[in-house]
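Contents: one structure, followed by commentary.
The values are calculated or read from the model by the stated rules, or taken from the named source; none is laboratory data. Keep in mind it's a predicted model, so treat the numbers as computed, not measured. Note that each Cβ is placed from the backbone with ideal geometry, even for glycine, and that neighbours are counted across all protein chains shown. Areas reflect the complete protein model, heavy atoms only, side chains present, ligands, DNA and RNA absent. Shrake-Rupley method; radii C 1.70, N 1.55, O 1.52, S 1.80 Å.
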Amino acid sequence: SYLTMVIAKIWSGCGMPRPHLKMMLYCFLFFVYLSLSANADDFAPDKTLLIDFYPRDPGTTPQNFLFRGNMPVVNGTFAYSSLVDTIKTVSAQSGIKLPTNFKLVDISFLNDLEAKEMKIESDYFKTNSDKGWFHNKDIRGVVLAPPQDDPYFIKTNVELYVQNANDQLPDLMVDIRELLTEVRDTSIVIYIHCESGIGKTGEVSGSYYMKYFNMTFTDAMKINNGFADENMDVYYRNSLQWYCYYLYFVKEYDFLKCLV
């Protein structure tokens, strides 16, 4: 039917590797939900958190930094000064001083429903290329949660729901880590965000915590839910938990705990 074709058209946006009509309908309803709830939040400094820095060796001075937060836009304008002031404050609270000169790498996880907000950020760096650069990676989560009572299903399908899904978290983790650890003449500050700084940002930062800090799924979720008034949406939580099982079964992080 025409409806089936329309749903199939947007199927890739749900992070699902294979279409089943029932799950496609769930996905379609998910996108309806997104379209109805896509109201931009202004930049909230209290959602900004330092995730990592490089190098971390004792006695060395950090040169590159990784932060998370929400969309750095206020009243339709990219809030560069407010964002920089905030990350300096957050760094100081951790006993770290940012370099005087650095480039800002703005990595957004918005989707096509948030094209207006994406354009604000993109246009800013087109006009102010000396400040850094902008990159967008569409993050959409996964509709299906890992079935906790069926470890065989999880083990045999985990690559399908992680590596072959829309978000491609294994590749994204490598990209972010390489960006953070690359030696340059000028320091960089990576700022990853979605609109609210909770769902998509929580999925990506939680994946980073598990892969590079050896955190359990529960500990990663505690960080995400601990500094905001709202919890991560279930689709991004699902994706984060699938990634935990990916590390456990595929990458042999056998110390990881992926249950709640």
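Taking region 140-198 as the search range and keeping residues that are closer than 20 Å to Tyr253 by Cα and basic (Lys, Arg), which one is nearest to the chain's Cα centre (by Cα)? Here the residue is Arg177. When Asp106 is tested against (1) over 21 Å from Asn128 (Cα atoms); (2) within 22 Å of the chain's Cα centre (by Cα), just one condition goes unmet, and that condition is (1). Only helices (runs of 4 or more DSSP H) whose full extent lies in region 1-113 are considered here, and the ones with at least 1 residues that are at pLDDT 95 or above, closer than 19 Å to Thr201 by Cβ and open to solvent by 10 Å² or more (accessible area, probe 1.4 Å) are 80-93.
When Leu247, Leu179, Leu256, Leu240 are checked against the criterion of being touching a residue at least 12 places away in the same chain (Cβ under 8 Å), more than 23 Å from Asn157 (Cα to Cα) and of a type outside the set (Lys, Arg), Leu179 stands alone in meeting it. Of note, Glu178 satisfies the criterion of being farther than 23 Å from Phe43 by Cβ and of a type in the set (Asp, Glu). When Asp150, Asp130 are checked against the criterion of being free of Cβ contacts under 8 Å to residues at least 40 places away in the same chain and farther than 28 Å from Tyr191 by Cβ, Asp150 stands alone in meeting it.
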